[in-house]
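Right, one structure below, let's go through it.
FYI, it's all coordinate maths here, none of it is from the lab. Keep in mind the model is a prediction, meaning the values are calculated, not measured. Backbone-built Cβ (ideal geometry, glycine too); neighbour counts: all protein chains shown.
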Amino acid sequence: MMMTVQVSKSVTALDKIDLDAPIFDPGAFRLNDEQAGIITTARELGQTVFAGRAAAYDRDAKFPTENYGDLHRTGLLGIAIPKKHGGLGAGYQTYAIAAAEIGRYCGATALTWNMHVCSTLWSGPLADDLDMDAETRAEHERRRAVHYKRIVEDGAIYSQPFSEGGAAAAGSVAFGTEAKPVKGGWIVNGKKIFASLSGHADYYGVLCTEIAEGEKASRRNTLYLALPAQSDGVSVVGDWDPLGMRGTVSRTLLFKDVFVAEDAALMPRGVYFQAAMRWPHMFLTLSPTYVGLAQAAYDFTVRYLRGEVPGTPPVKRRMYPTKQIAVAQIQIKLEQIKTIWFQAITEARANPTKEQVLRAYAAQYSAMEGANEIATLAIRTCGGQAMLKSLPLERIYRDSRCGSLMLPWTAELCLDRIGREALYETGESDE
Ligand SMILES: Cc1cc2nc3c(=O)[nH]c(=O)nc-3n(C[C@H](O)[C@H](O)[C@H](O)COP(=O)(O)OP(=O)(O)OC[C@H]3O[C@@H](n4cnc5c(N)ncnc54)[C@H](O)[C@@H]3O)c2cc1C
């Protein structure tokens, strides 16, 4: 499972290193050279740099600031930014696989990087698929160039707080965070919980509802605004001491009469709502991290049972039939996750078919629940010494447990939607 690769100097000072094989072999999964190159950069960075820092970020619940410096240096901060704006120009599939490779070595970095990248993916290739009149599109093009320049040139970091503790993040009602239109922009008031990158992002990509005087809140009027973190009226409150994904620093954000200029819009009016309706795979982007964690639990198990984990005695455990069966079960589960997930990320597009949407829910469920099932099995199989905090497995286990809680596609909501949408066509009821 190991291969020796010449690592680029831009990533590491080492001349030669044993790199893990890619999760998705470019030949087997028909990835082109450009895709493979970007994904390799992510894997090299993850294995040679991020893996070594992950334990400290986790232990101290500290944001991986140093990793973001490296993501900027290697161009990965602008992975989904079009080339004409100085980014790597990666599409959805390439980003998703690169994120899985990062998640394999540091879950918290991959998950927060997802929030950042979505600011560019949703305003970029995804928005290009949606309807806008020519004037709106030209204005959007001008605005997004401002965001892209900040990221590419200055290393600006964006977050994506939408959770509020109620039904809004589940997609059922309008966001409670409100944006009141005023001359030149909006005044924003509200609260976001679990806001990863709080206190560390330069811009908070806030989902909120535009409400003019006397109007009622409607999901159609959702705005997606990049609010400068240093704005007057923004505060980060509460502590952060969770089970897993500790480096995400997902504290609470408060907005009190925060003025946000018109140029802050990451999507034009009405386009977020259109995206949520027509581009559902936009909500599958939290899953790559967990595909990476599933692979990490498998990698660890094989190495551990072979007696090859650095820092542990070279005791082999691979000769026991029960352990071989467990590895087989883990491998089967991993291949199942990879296969459905790869298919789902490959067919992400505007106006997917019903079958593709159901598959996307199933892929999300499989990755989120499956990563933790694999980690659970890995702990049982490797045994007591394997779950010590000096080794990564117990962190992988804790991080993987968080996947199924991610709104709007929690494991429960995926089950709800698959069951309902499989049995009812649009507009059908039993009344
Ligand atoms: C490590 C971590 C990082 C996170 N980072 C971010 C981030 O960067 N940005 C962000 O926006 N969020 C983030 N989240 C939040 C996450 O997406 C969820 O919003 C959060 O976990 C929900 O917590 P809750 O206790 O409000 O959940 P719940 O109470 O389960 O859900 C909230 C509401 O959703 C609705 N709901 C839930 N389940 C169902 C159901 N089965 N049927 C119908 N309605 C339902 C209900 O109205 C419920 O009150 C993060 C979470 C974690 C654990």
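What number, rounded to the nearest 500 deg cm²/dmol, is the helix-based mean residue ellipticity at 222 nm of the chain, given -39500 (n - 2.57) per DSSP H run of at least four residues and division by all its residues?
About -14000 deg cm²/dmol.
Of the trypsin sites (Lys or Arg not before Pro) in region 19-119, which ones lie in a loop per DSSP and count no more than 11 other C-beta atoms within 10 Å?
R30
Explain nothing, just the number: dipole magnitude of region 235-328 about its Cα centre with +1 on each Lys and Arg Cβ and -1 on each Asp and Glu Cβ, in debye rounded to the nearest 20.
700
Can you return the aspartates and glutamates within cross-link range of K191? Criterion is Cα-Cα under 17 Å, with same-chain partners fewer than 8 residues away left out.
E164, E178, E210, D232, D239, D257
Quick one: check the C-alpha center-to-center distance for region 283-337 versus region 391-410, whole angstrom.
16
At a Förster radius of 41 Å, what calculated FRET efficiency corresponds to the Cβ-Cβ distance of V182 and D33, to the nearest 0.05?
0.25
What does the charge dipole of the chain about its Cα centre add up to, to the nearest 20 debye, if the Cβ of each Lys and Arg holds +1 and the Cβ of each Asp and Glu holds -1?
1220
Picking from W341, I157, A100, whose Cα lies most toward the positive end of the charge dipole for the chain (charges on Cβ: Lys, Arg +1; Asp, Glu -1)?
Checking the options against the dipole of the chain, the answer is A100.
Please compare each pair in K180/K216; K83/K338; K323/K389; K316/K338; K192/K256 to a cut-off of 20 Å on the Cα-Cα distance and tell me which ones are over it.
K83/K338; K323/K389; K316/K338, as the Cα separations exceed 20 Å there.
State the Cα centre-to-centre distance between region 174-234 and region 128-172 in whole Å.
Here the two parts' Cα centres lie 12 Å apart.
With unit charges on the beta carbons (Lys and Arg positive, Asp and Glu negative) and the dipole taken about the Cα centre of the chain, which residue among A90, M277, T248 sits farthest to the positive side?
T248
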